[in-house]
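Working notes, structure below.
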Amino acid sequence: MNIRALGHALPQKIVTNRDLAQILDTSDEWIQTHTGIRSRRILSGEETISGLGAQAVQMALTRAGLTIADVDYILCSTVRGEMFFPSTACLIAQKLGATCPCLDINAGCTGFLYALDLADAMIAAGKVDRVLVVCAEQISKVTDWTDRSTCVLFGDAAGVALCERGENLKTVRLSAESDPEPLHAWPSGGNCPFDDHIAKEHLLYMNGQEIFKFAVTRSLRDIGMVLDDCGLTVDAVDSFVLHQANRRILDAVRTRLKQSAEKFPINITTHGNTSSACIPVLLSEMVEDGRLRRGQTLVLSAFGAGLTTGAAVLQY
Ligand code: ACO
């Protein structure tokens, strides 16, 4: 499978660390030194996740010189979605005037890797020729804005990869060590009069230190596996495009692989952790500013709620 084009879209509203320090017992200095984040974008007003997703798709289609009629399937990775139903993929399709099949998936922050693998399988099976993988995330609706240890980490965004037949996706490795305890969020409880179970409306909970250790060990393991699959060394890789959860996680993986900072691009500084949108947004930004060029070898790696992980080698 090849990625023919990438796209991304960000909300208008910029929330800085100083804005957060107005409503929480925190500081710009703490957030920057512990996470590397300076600001994040948050959906507000009339903006919607599906609107952001549709905007990102338009960018990818324009870059590819195609129209929505050329797309056979829309696969949307989202941890929350805009509504319970219809799917966010259907809401995005409506905005684009698409009539192809639409499906949401949820693999936490690893959603982009899971969706790429599915798109690859669908294309390889001959069911479809082109799949839009859309990662559209509004984590700001799940975060507990009274919990300073988590709400400062996240932002909203949408990233898109337009996938089609080809040989550029060399390998994908996925895993799930399923355990909700370290990282989870409950939906709202409803009001069924026949259910005396107390509704759990906890919003997002995360054991930060446990996830930190998990992220570093599993990223290193997964990167090692996909490089072995392709017979590559770390030095043969042009860029390692990793899930943007914390600058210190990225630095820990990078120093263990003995690689330069230039080979580990980041957008966490201005976007925060945008869940499954992190990687496609970053790739699209790298196309925009010329850092990503055809023929380059990329390693992608992500981890998230599940706990899930994934990595891939892609020759762009
Ligand atoms: N401002 C000021 N102080 C804070 C803040 C804040 N925003 N947050 C926590 N603190 C305090 C704590 O209360 C604690 O204070 P105490 O010592 O008095 O108890 C102190 O800072 C240290 O807290 P730690 O939790 O030890 O801080 P740590 O350095 O581990 O950083 C963090 C916390 C940023 C959450 C880190 O553990 C982390 O990034 N973990 C990984 C997160 C992650 O990768 N998430 C990705 C998955 S998300 C997904 O898949 C949806």
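Quick notes
- Where the alpha-carbon atoms of the chain are placed on the principal axes, they occupy 50, 47, 35 Å, in descending order.
- Each Lys and Arg adds +1 at its Cβ and each Asp and Glu adds -1 at its Cβ; summed about the Cα centre, region 2-167 shows a dipole of about 240 debye.
- The chain, dipole about Cα centre (Lys/Arg Cβ +1, Asp/Glu Cβ -1), debye to the nearest 20: 780 debye
- Kyte-Doolittle at least 0.5, axis length at least 18 Å by Cα - qualifying DSSP helices, the chain: 49-64, 111-124
- Choice from Ala157, Ala236, Ala119 with maximal GNM fluctuation in the chain (Cα, 10 Å cutoff): Ala236
- Whole-angstrom gap from region 154-219 to region 264-316, using each part's C-alpha centre: 17 Å
- Largest GNM mean-square fluctuation among Ile139, Ile279, Ile23, using the chain with Cα springs under 10 Å: Ile23.
- Straight-distance candidates among the lysines for linking to Lys258, with alpha-carbon spacing under 27 Å and chain neighbours fewer than 8 residues away dropped: Lys170, Lys213.
- Of all lysines in the structure, the ones whose alpha carbon falls short of 25 Å from that of Lys95, not counting any fewer than 8 places away in one chain, are Lys13, Lys127, Lys141.
- On the principal axes of its alpha-carbon atoms, region 158-237 has extents of 59, 34, 21 Å, going from largest to smallest.
- Helix-only mean residue ellipticity at 222 nm for the chain, each DSSP H run of n ≥ 4 adding -39500 (n - 2.57), per residue, nearest 500: -10000 deg cm²/dmol
- Cα gyration tensor shape of region 172-315, rounded if a/c is under 1.5, else prolate or oblate by comparing a/b with b/c: prolate
- Two numbers describe the Cα atoms of region 2-167: Rg and Dmax, which are 17.1, 54 Å.
- Cα lying deepest toward the dipole's positive end in the chain, options Cys100, Met286, Cys163, charges on Cβ: Met286
We did not get these values from a lab; they are worked out from the coordinates using the rules stated. None of the values given here were measured: they were computed from a predicted structure. Counting neighbours? That spans all protein chains shown, and the Cβs are built from the backbone with ideal geometry, glycine included.
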